[in-house]
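Novice: Mind looking over this structure? Questions follow.
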Amino acid sequence: MTRNYTTQMDAAKKGILTEEIKAVAKEENMEAQKLIQLVAEGKVVICANKNHKCIKAQGVGSMLRTKINANIGISRDCRDYDMEMEKVKSAVALGANAIMDLSSHGNTQPFRQKLVEECPVMIGTVPVYDSVIHYQRDLATLTAQDFIDVVRLHAQDGVDFVTLHCGITKKTIEQIKSNKRKMNIVSRGGSLVFAWMSMTGNENPFYEYFDDILKICREYDVTISLGDACRPGCLSDATDVCQIEELVRLGELTRRAWAQDVQVMVEGPGHVPLNQIAANMEVQKTICSGAPFYVLGPLVTDIAPGYDHITAAIGGAIAAANGAAFLCYVTPAEHLALPNVEDVRQGIIASKIAAHAADIAKGIPGARDIDDKMADARRNLDWDKQFECALDAQRAKEIRDSRLPEDDHSDTCSMCGKFCAVRSMNKALSGQMIDIL
């Protein structure tokens, strides 16, 4: 069947109810016409490349359920492709809404194509990482056209969204030099663009040739995730001149993309003190005209290596409750190593807790239903139903089964035994004798 629209945004502007919009409306319990309006306005994106045939369409927007992303990818020191696919399968099974392939080594295209062929959730990439790998040339020898061609390659392969560090320009180089930061640029893609500009003396190709990129994204319906090259890498750098000036430029690029019917997400800060998170969300919504905000964490302290999934979940819950639409997970290995399968699991669960807590706070219809079911199951001491309601049923069951009480374990756990308040209240309210000893 021939499409009479180019992108989901183009369809929405024309009032066309696509299969993807229909699926997302059903999933989110939202009227299709309301969703069409939000997609047309750019406040919701449906990342679904025309060439990603097995995708189950999902929407990203602050008025929808908060979505989470899991990062995977090959590095020079960890080159096990099977292990990365195991991470992908585990992440999807645990409820990740997106997978970002951040591979920076090896034969990247076959791995990316395998992801597109087998993975039913949104797939994102950072083409600037792949540029050096694809051409097998030093960074300084690459041309602007080389970078643009890799964006096209990823679009052709079926990637649903690409992170592009378009907002860092020659002006930023001077700001970084004059406004001393503790951590400079911590974005890997941002640092590569900065380095290329410094070595060649040229303007950022993703900014200078943004219109060419829009044509590619419009052709394949690829969503642009405007990368925050100047995101703060420590609390000291949060909400500084470089971060905000880049955000202003991203707001301008957002509106240029919308004019060409290209969907846009805007990426947000990494390390932000607790008391600045809500303000950061409000500033982004204003400057970027309500485009969905995709945040890394934010991490609310710098001193928790090994526990940064918790640090990020704290910030993520506050960010999402105040308007962030998409949380990039952080694992216990953040700042330390490439995450393994267990790190991925912990990162996803922590992000899911943050996203769910935020959805309850925002009043997303139906968000609290599962919590109410859990409360009923706990009141009835129905362990199987409690496991059904749990975000990680396997983990919950493992803990209980490993530490069962000596007797009456159908009623209680080994924490309280017969001193269990729930058991005592159930018996008291039903007129039964409460046996403790």
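The values are calculated or read from the model by the stated rules, or taken from the named source; none is laboratory data. Since the model is a prediction, treat every value here as computed from it, not as a measurement. Glycine also receives a Cβ, built like all others from the backbone with ideal geometry; neighbour counts cover every protein chain displayed. Accessible surface is based on the protein model in full, side chains and every heavy atom, while ligands, DNA and RNA are left aside. Shrake-Rupley method; radii C 1.70, N 1.55, O 1.52, S 1.80 Å.
Novice: Between ILE399, ALA319, ILE349, whose Cα lies farthest towards the positive end of the dipole of segment 315-434 when Lys and Arg beta carbons carry +1 and Asp and Glu beta carbons carry -1, centred on the Cα centre?
Specialist: It is ALA319, whose Cα lies furthest towards the positive end.
Novice: How large, in percent, is the carbon and sulfur part of the accessible surface of the chain at a probe radius of 1.4 Å? Numbers along the way, then the final one.
Specialist: Values: 10230 of 19380 Å².
Within the chain, the accessible surface is 53 percent carbon and sulfur.
Novice: List the residues whose amide H sits under 5 Å from the amide H of GLY268, counting only those 5 or more places along or on another chain, with H placed 1.01 Å from N in the peptide plane.
Specialist: TYR294, VAL295, LEU296
Novice: What size of dipole, in debye to the nearest 20, comes out for the chain about its Cα centre when the only charges are +1 on Lys and Arg C-beta atoms and -1 on Asp and Glu C-beta atoms?
Specialist: Around 680 debye, computed over the chain.
Novice: Also, I was wondering about something else. Using 0.36 nm per residue, how much length does the chain from ASP411 to MET199 gain when fully extended, once their Cα-Cα distance is taken away? Could the numbers behind the result be given before it?
Specialist: Details: separation 212, 0.36 × 212 = 76.32 nm, distance 6.85 nm.
This chain segment gains 69.5 nm when fully extended.
Novice: Find the accessible area per residue for the chain; the probe is 1.4 Å, ligands and nucleic acids are left out, and the unit is Å².
Specialist: Here the residues of the chain average 44 Å² of exposed surface.
Novice: Evaluate the charge dipole of segment 187-290 about its Cα centre and quote only its size in Debye, nearest 20, assuming +1 on the Cβ of each Lys and Arg and -1 on the Cβ of each Asp and Glu. Can you show the working numbers first?
Specialist: Details: 8 positive and 15 negative charges, 30 e Å.
My answer is approximately 140 debye.
Novice: If you take every residue apart from VAL151 with its C-beta less than 12 Å away from the C-beta of VAL151, what net charge results, scoring Lys and Arg +1 and Asp and Glu -1?
Specialist: Charge balance near VAL151 sits at -4.
Novice: Distance between the C-alpha centers of segment 96-118 and segment 308-359? Whole Å please.
Specialist: 21
Novice: Working out 0.36 nm times the residue gap between LEU274 and ALA140, then minus their Cα-Cα distance, what length gain in nm do you get to one decimal?
Specialist: My answer for the length gained is 44.3 nm.
Novice: Among (i) 41, 24, 21; (ii) 60, 23, 20; (iii) 31, 29, 21, only one was calculated for this model; which label is it, if the read-out is semi-axes √(5λ) of the Cα gyration tensor in Å?
Specialist: For semi-axes √(5λ) of the Cα gyration tensor in Å, the calculated option is (i).
Novice: Using a Gaussian network model on the chain with a 10 Å cutoff between Cα atoms, which of ALA291, ALA354, ALA304 fluctuates the most?
Specialist: ALA304
Novice: Follow-up. Mind checking which lysines have their Cα closer than 24 Å to the Cα of LYS352? Skip sequence neighbours fewer than 8 apart in that chain.
Specialist: Partners within reach: LYS26, LYS43, LYS56, LYS67, LYS87, LYS89, LYS285, LYS362, LYS373, LYS385, LYS397.
Novice: Shifting gears a bit: Calculate how many DSSP beta bridges within the chain are antiparallel, expressed in % of all such bridges and rounded to the nearest 5.
Specialist: If we restrict to bridges inside the chain, about 10 percent are antiparallel.
Novice: By how many degrees, between 0 and 90 and to the nearest 10, does the Cα long axis of helix 369-379 differ from the longest principal axis of the chain?
Specialist: For helix 369-379, the angle is close to 20 degrees.
Novice: Let me spell out the model: positive unit charges on the Cβ of Lys and Arg, negative unit charges on the Cβ of Asp and Glu, origin at the Cα centre of segment 14-108. What dipole size does that give, in debye rounded to 20? Walk me through the numbers before you get to the answer.
Specialist: Numbers: 14 positive and 12 negative charges, 59 e Å.
Using Cβ point charges on Lys, Arg, Asp and Glu, segment 14-108 gives about 280 debye.
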